[in-house]
Amino acid sequence: MTNKISKRKIALSELPSGEKLSLKVIEVDGSFEGPHCYIQASVHGAEHQGNAVIYRLLEYLENNPIIGKITILPMANPQAINTKIGTYTFGRFNPNTGDNWNRLYFDFTKSSTEVVEFAKSHLQSDEKDIYKEYKKLLKELILSQKAKHIEYGPNTNGLVNLTLQELATDSDYVLDLHTGPKATRYLYVPEYLEQRSDDLHFPFRLIIPNEFGSAMDEATFMPWVNLQSAFKELGRDFHIPFESYTVELGSEEIIDLEEASHDLLYILNYLHHRGIIEEAPELPRESEKLKCKLSDYKTYYAPRGALYHYNISPGSKFKKGDILATGINFENLFRDEPVMFDVKALADGILINHYPSSSVPSGAELLQVMQEYYS
């Protein structure tokens, strides 16, 4: 048996020339009903590696049957991808408003009377029925939010995000594929999924609070956290079956098809453990999985404007006192102060991200590191 693969487009915006920017939605349906996974890439336009992984995934799905459904959105933000400045993709921020594209999602269930009333009316319901009916409520709430958003015209600041939220509502699992500036591979994991995230196998994971911070992972898991809280107020324990993760796949502005094949193995392993893929992939040798709380994910800001040499690569461990980066500032040339200076580690840690350029203004996010990490 083979999968049924279909694609469609959803128009998002119209350019002054009349051409339209559209989402490409690829839907893969197995021969049997089952779980539904939603996967998107490139909400930040310069973050391309997720699309390479999607390409490898589609190759796999042409010849390997699944159970259930996978909805796939490559290049999920066409406006961001097409905003170029010279050779650089200005893809992290809306060029018209300056807002981060991944901070424009909506939290429409916090303190929601509809959610409270839903919990009251389903206090004695079976969890399977709750899961099915709650998805219907979420779709209604999103459509209501979307209608308000476009009432006076299609406000592009958030329209793509609402559309993506709407598409993800029917799913059981969400994987939002990103990259860092110059980064290793890691996950953002909500606290309630810390143990379940092991099936994704990526080596580093940041454990984030069960709170809304305006990103896609939070926009999709917080409705379930809020429902759980509503049930708890009424004296019922509710297990959240829904899962959502941000998956960081290395560095921006590049794709690597060989690495994409490696990344795909981890995603296939996750899909296997969630009952969508029958055959478990053969994974590379087990690597150590290290975690830290978001509060222990520290940013070193550039102490001076300078040209910086990065002394260690993303994914590397370091000790307190190690030199992480070395700056060169020619303003001190022929003065008593040195032209060259070091940025030293304030504590033991692991480098996760660093600034994508050597030319760095003071105060920029120079390095991002995991401290107080654990396995």
Among the residues of region 11-39, how many are open to solvent by 40 Å² or more (accessible area, probe 1.4 Å), under 21 Å from Asn96 (Cβ atoms) and of a type outside the set (Asp, Glu)? 5
How many residues are within 18 Å of Leu162 (Cβ to Cβ) and not in a helix (DSSP H, G or I) when one looks only at region 104-132? 8
Condition met for Ser313 (more than 29 Å from Ile207 (Cβ to Cβ), at pLDDT 95 or above and polar (S, T, N, Q)): no
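Let's see how each residue does on (1) outside any loop (DSSP other than H, G, I, E, B); (2) open to solvent by less than 10 Å² (accessible area, probe 1.4 Å); (3) of a type in the set (Phe, Trp, Tyr):
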position: Leu167; (1), (2), (3): yes, no, no
position: Ser171; (1), (2), (3): no, yes, no
position: Asp176; (1), (2), (3): yes, yes, no
position: Val189; (1), (2), (3): yes, yes, no
position: Phe202; (1), (2), (3): no, yes, yes
position: Ala219; (1), (2), (3): yes, yes, no
position: Leu264; (1), (2), (3): yes, no, no
Restricting attention to region 204-217, and to residues there that are among the charged types (D, E, K, R) and not in a loop (DSSP other than H, G, I, E, B), which single residue is farthest from the chain's Cα centre (by Cα)? Arg205
From the list Glu248, Glu211, Glu194, which one is at pLDDT 95 or above and surrounded by 15 or more Cβ atoms within 10 Å (Cβ to Cβ)? Glu248
Going residue by residue through region 140-158, is there one that turns out to be open to solvent by less than 60 Å² (accessible area, probe 1.4 Å), touching a residue at least 12 places away in the same chain (Cβ under 8 Å), within 19 Å of Thr71 (Cβ to Cβ) and not aromatic (Phe, Trp, Tyr)? yes
So, in region 93-130, how many residues would count as being closer than 16 Å to Ile240 by Cβ and crowded, with 18+ Cβ neighbours inside 10 Å? 6
Every residue from region 354-372 that is under 17 Å from Leu307 (Cα atoms), touching a residue at least 12 places away in the same chain (Cβ under 8 Å) and either in contact with a Lys or Arg (Cβ under 6 Å, 6 or more places away or on another chain) or not aliphatic (A, V, I, L, M) (or both): His354, Tyr355, Pro356, Ser358, Ser359, Pro361, Ser362, Gly363, Glu365
In the set Ile72, Ile54, Ile85, Ile66, which member is without any contact (Cβ under 8 Å) to a residue 60 or more places away in the chain and surrounded by 19 or more Cβ atoms within 10 Å (Cβ to Cβ)? Ile72
Among the strands (runs of 3 or more DSSP E) contained in region 278-372, which hold 1 or more residues that are within 26 Å of Tyr266 (Cα to Cα)? 290-293, 297-301, 349-354, 365-370
Tell me whether region 276-291 contains one or more residues that are in contact (Cβ under 8 Å) with a residue 40 or more places away in the chain, open to solvent by less than 30 Å² (accessible area, probe 1.4 Å) and closer than 30 Å to Ile130 by Cα. yes
So which residues in region 49-90 are among the small types (Gly, Ala, Ser) and either assigned to a helix (DSSP H, G or I) or under 20 Å from Ala11 (Cβ atoms) (or both), if there are any at all? Gly50, Ala52, Ala76, Ala80
Got a sec? Which of Ile312, Ile328, Ile352 is open to solvent by 30 Å² or more (accessible area, probe 1.4 Å) and within 23 Å of Leu187 (Cα to Cα)? Ile312
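The values are calculated or read from the model by the stated rules, or taken from the named source; none is laboratory data. All values reported here derive from a predicted model rather than from experimental measurement. Note: ideal-geometry Cβ built from the backbone for every residue, glycine included; neighbour counts use all protein chains shown. In case anyone asks, the SASA skips ligands and DNA or RNA and just uses the protein heavy atoms, side chains included. Shrake-Rupley method; radii C 1.70, N 1.55, O 1.52, S 1.80 Å.
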